[in-house]
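Have a look at the structure below, then the notes.
Just so it is clear, none of the values below were taken in a lab; they were calculated from the coordinates. For clarity, every value in this text was computed on a predicted model and none was experimentally measured. Using ideal geometry, Cβ is built from the backbone for each residue, glycine included, and neighbour counts are taken over all protein chains shown.
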Amino acid sequence: NKFTPAKPAGARSVDEITGSRRLRRMRKADWSRRLVQENRLSVDDLIWPIFIIDGENRKEAIPAMPGVFRMSVDLAVKEAERAAKLGIPALATFPNVEMGLRDQTGAHILEPDNIINRATRAIKAAVPEIGIITDVALDPFTSHGHDGILRDGIIVNDETVAQVAAAAVLQAAAGSDIIAPSDMMDGRIGAIRDALDDNGFHDVAIMSYATKFASAFYGPYREAIGTQGLLKGDKKTYYIDHANSDEAVREAEQDLAEGADMLMVKPGLPYLDIIRRLKDEFRVPTFAYQVSGEYSMIKAAGANGWIDGEKAMLESLLAFKRAGCDGILTYFAPEVAQILKG
Ligand code: PBG
């Protein structure tokens with residue numbers, strides 16, 4: 001009483017069904033797959049985010065991000081040299097600021113000699129050929145871990161914008177090539193552009209974290225910069241609701257109108273739809289930030305043997321290219337660059 005499906009008398013052959021269009025023809029061999037490959041990942045697509053700490057010859061592991069370290073400026077310079085040799089075009093720097101230097105308003109961001117500006121100067125002096133992207137958000141500098149000035153439970157927009165714009169000028173003066181504001185305050189791009197231009201930094205570009213979503217994927221980063229234990233509440237009054245897509249387009253449109261040179265989508269992999277929408281809509285240089293949680297998931301599953309970590313890493317990065325990205329901020333940058341080098 002086994003069920004045998006009947007083959008109807010007039011059943012069509014596969015060639016009749018497909019009209020002889022067989023997509024497997026071009027997949028049959030490695031050479032033909034390579035020939036028809038639409039997107040490619042290159043070392044030129046990579047931006048490497050690194051974490052900077054005070055001190056000398058200091059390197060600290062970040063438990064939630066296996067293989068990623070906080071480094072003192074001297075070691076960051078060595079890593080910048082290595083990155084340049086690998087052909088990585090740019091670094092994005094993030095500070096872990098001493099707790100004693102953090103306060104309610106994040107005033108230390110306005111110190112010309114803070115760790116981030118010192119790192120920029122040192123890297124630029126030693127490795128002038130590598131691009132430096134600096135984040136101007138206040139969160140590494142505030143005692144509450146928010147990206148803005150906190151007053152009576154509210155992140156105050158306009159004061160934060162003024163401070164971020166002033167900090168951007170200091171970062172440019174230190175040698176930053178691209179200012180990347182990640183705070184999502186309204187009006188920050190225009191204010192930063194004005195401040196840069198007023199101070200003669202016409203050639204310093206702005207990469208807007210235009211569509212930054214309120215996300216659970218930033219967890220390991222907060223451990224890396226030491227905001228994990230500080231942050232009270234969430235960032236939903238300034239980051240985009242991750243349920244929204246039209247709103248992301250409006251944010252990007254606004255930032256471009258204010259003077260952004262390039263857009264970023266963050267997090268990355270769960271937001272490929274946003275990348276594609278922005279690229280189709282605006283046709284400007286578009287980047288994704290494959291954030292800490294995405295990195296850690298791939299690393300953890302790889303380390304457990306649940307997935308092939310290296311293949312998953314490469315697949316995730318190529319997916320960004322397919323979605324329309326011109327480049328990717330990724331903690332995998334040196335590892336990938338090494339693989340791509342062969
Ligand atoms: C905040 C900022 C965040 C990241 C970089 N800058 C998010 C946050 O802590 O809320 C996340 C980067 C990552 O997760 O890799 N200005």
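Tabulated values for the structure
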| quantity | calculated |
| --- | --- |
| Contact order normalised by residue count of region 41-341, Cα under 8 Å, 6+ apart, percent | 19 percent |
| Percent of Cα-Cα distances greater than 27 Å, calculated over region 41-341 | 36 percent |
| Sorted by Cβ density within 10 Å, fewest first, the residues Asp234, Asp135 | Asp234, Asp135 |
| Angle between the chain longest axis and helix 157-174 axis [Cα atoms, degrees, rounded to 10] | 90 degrees |
| Approximate spin-label separation Leu23-Glu111, in nm, with each point projected 7 Å along Cα-to-Cβ | 5.7 nm |
| Of Lys2/Lys28; Lys78/Lys236; Lys279/Lys341, pairs whose Cα-Cα distance is over 31 Å | Lys2/Lys28; Lys78/Lys236 |
| Anchor Lys299: lysines whose Cα lies under 16 Å away (excluding residues fewer than 8 positions away in-chain) | Lys311 |
| Additional length obtainable on full extension of the chain from Lys236 to Asp326, 0.36 nm per residue less Cα span | 29.6 nm |
| Computed FRET value (nearest 0.05) for Asp15 with Glu247, which takes r as the C-beta separation and R₀ as 45 Å | 0.40 |
| Gain upon complete extension [Arg283, Phe3; 0.36 nm per residue less C-alpha separation] | 95.3 nm |
| Burial ordering of Val291, Val265, Val127, fewest other beta-carbon atoms within 10 Å first | Val127, Val291, Val265 |
| Label-to-label distance, nm, for residues given as Asn57 and Ala125 (7 Å Cα→Cβ offset) | 1.9 nm |
| Debye, to nearest 20: dipole size of region 15-121, +1 on Lys, Arg Cβ, -1 on Asp, Glu Cβ | 960 debye |
| Cα pair count fraction exceeding 21 Å, expressed as % - region 78-164 | 38 percent |
| Residues Asp158 and Asp103, FRET efficiency given R0 of 25 Å [Cβ-Cβ distance, rounded to 0.05] | 0.80 |
| Rounded to 10°, Cα long-axis angle of helix 73-86 versus longest principal axis of the chain | 30 degrees |
| Sequence of Met26, Met184 once ranked by neighbouring C-beta atoms within 10 Å, starting from the fewest | Met26, Met184 |
| Loop sites in region 204-283: trypsin sites (Lys or Arg not before Pro), DSSP, at most 16 other Cβ within 10 Å | Lys232, Lys236, Arg283 |
| Net charge of neighbours whose Cβ lies under 15 Å from the Cβ of Ile17, counting Lys and Arg as +1 and Asp and Glu as -1 | +3 |
| Linear extension gain, Asp198 paired with Ala216, 0.36 nm per residue minus alpha-carbon span | 2.7 nm |
| Long-range HN-HN contacts of Ile240 with modeled amide H, under 5 Å | Lys212, Phe213, Ala214 |
| Folded to 0 to 90 degrees: helix 309-323 orientation relative to the chain principal axis, Cα | 90 degrees |
| Net charge over other residues, Cβ less than 15 angstrom from the Cβ of Glu81 (K, R count +1; D, E count -1) | +1 |
| FRET efficiency, 1/(1 + (r/R0)^6) with R0 30 Å, evaluated for Lys78 and Ile339 via beta carbons | 0.90 |
| Cut-off of 10 Å, at most 13 other beta carbons, DSSP loop: longest stretch of the chain lacking such chymotrypsin sites (Phe, Trp or Tyr not before Pro) | 4-305 |
